[in-house]
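Okay, so here's the structure we're looking at.
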Amino acid sequence: LLFPVSNLCGKCKPRDTDLLQPSLNFLYCSLHQTTPCSQQRAVAVLLSNVSLLELLQKVLECTWLRSPPSEPAYLSSEDALLCSGWLLVASLLLYQHRYNTEVHQTLSLDLTKVLNAVIFRKKKPILLLVSIMQFLRAILRQNFSSSLLVIVGQNTAQGATQPQPSSLQDAALHPLTSQQVFSLVVSLQNLLVHKDLLLSQAMVACLETLVEYLYVKNQDVALHVASQPWHRFLLFTLLSGGQKSFLQPEVLRLMTLFLRYQSSNIISQKEISQILQEATEANLAELPEATSRALHLFLCQV
């Protein structure tokens, strides 16, 4: 089915939302809900379809052309298609890297626009923000070096004629700038305040990947980001609702992140003891899978 569906997508235009929406979702599910052997073949099929990749390029570019809805939570059919496009491209980036699949057509994206989509949200629906953050995680994990993607932006658009970054710090973080990094961190922190479960999970995952990327590029910047005092306030903002337990997946993952980068001003021995106490009193067999996995990572880090 991948052949006819992907070929059908390649013949569509971005405005054909009624046809493209279920088609892109089918391709996405085909990548994720299959055996590793079939997954590798599925990735090869999709990446060999030039028309499909050209269509995905046009779909993603519609993100910068969309008109903000009156309500940020409102998901129009056009926004839903954008979500499917971003998630599918993020998955293709992940699996192309994993299987080193041959690429027949590259995608080109402006890094500044991708970052600004998260930094300056402009009433974007939550699901669209989450989808873009999934893509951002994918390119961060690959160090902006995917053979499927050509990144352009303020530091890369003019190639060799572009002046070198003015500071050693920006040079180390290239193609990101320190200003973009700190703006992105502030935006991710603000998203956590919304207390939306899906958004919180995506935000924590994106922050984890960002700090990992920074630690490889410039350890001082990574440790500075991980030890921001504002993190402590945000951490306890998560605990101020009805469920005050530390045994929430996003709380545990944040705690693990701060432990990993030794942010003692964010998480203290007192909080560690509280988590351990709650874990001993909980029925571990009844914990949700996400909580069990996060608790396991936290205990390993301790």
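The values are calculated or read from the model by the stated rules, or taken from the named source; none is laboratory data. As the structure is a computational prediction, the values presented were derived from the model and not from experiment. Neighbour counts run over all protein chains shown; Cβ positions are idealised from the backbone, glycine included. Calculation scope for accessible area: heavy atoms of the full protein, side chains included, ligands and nucleic acids excluded. Shrake-Rupley method; radii C 1.70, N 1.55, O 1.52, S 1.80 Å.
Residues to consider are Ser51, Ser76, Ser6; find the one that is over 24 Å from Leu140 (Cβ atoms) and modelled with pLDDT under 95.
Ser76
In this structure, does Cys37 turn out to be modelled with pLDDT under 95 and open to solvent by 30 Å² or more (accessible area, probe 1.4 Å)?
yes
Do the conditions hold for Leu191, that is, is it within 21 Å of Arg293 (Cβ to Cβ), open to solvent by less than 10 Å² (accessible area, probe 1.4 Å), assigned to a helix (DSSP H, G or I) and of a type outside the set (S, T, N, Q)?
No; evaluated as a whole, the condition is false for this residue.
Check region 69-83 and report whether any residue there is part of a helix (DSSP H, G or I), in contact (Cβ under 8 Å) with a residue 40 or more places away in the chain, at negative phi and small (Gly, Ala, Ser).
yes
If I ask for residues that are at pLDDT below 90 and either loosely packed, with under 14 Cβ neighbours inside 10 Å or touching a Cys at 6+ places or on another chain (Cβ under 7 Å) (or both), which ones from region 252-269 would you list?
Gln262, Ser264, Asn265, Ser268 - these are the residues of region 252-269 that are at pLDDT below 90 and either loosely packed, with under 14 Cβ neighbours inside 10 Å or touching a Cys at 6+ places or on another chain (Cβ under 7 Å) (or both).
Helices (runs of 4 or more DSSP H) wholly in region 207-292 with at least 2 residues that are under 30 Å from Phe144 (Cα atoms) and touching a residue at least 12 places away in the same chain (Cβ under 8 Å) - which ones?
Output list reads 219-226, 230-238, 249-260.
Conditions first: (1) in contact (Cβ under 8 Å) with a residue 24 or more places away in the chain; (2) assigned to a helix (DSSP H, G or I); (3) farther than 16 Å from Lys195 by Cβ. Leu299 passes all but one, so which condition is the exception?
Every listed condition holds for Leu299 apart from (1).
Could you tell me whether region 93-108 includes any residue that is open to solvent by less than 10 Å² (accessible area, probe 1.4 Å) and either among the hydroxyl-bearing types (Ser, Thr, Tyr) or under 15 Å from the mean Cα position of the chain (by Cα) (or both)?
Yes, the conditions are met somewhere in region 93-108.
Name the one entry in Pro69, Pro22 that is at pLDDT below 95 and either over 20 Å from Leu8 (Cβ atoms) or surrounded by fewer than 18 Cβ atoms within 10 Å (Cβ to Cβ) (or both).
Pro69
Taking the condition open to solvent by 50 Å² or more (accessible area, probe 1.4 Å) and assigned to a helix (DSSP H, G or I), does Leu115 pass?
Answer is no for this residue.
Here are the criteria: (1) surrounded by fewer than 20 Cβ atoms within 10 Å (Cβ to Cβ); (2) at pLDDT 90 or above; (3) farther than 30 Å from Ser240 by Cα. Tell me which single one Leu168 does not satisfy.
Against the list (1) surrounded by fewer than 20 Cβ atoms within 10 Å (Cβ to Cβ); (2) at pLDDT 90 or above; (3) farther than 30 Å from Ser240 by Cα, Leu168 comes up short only on (2).
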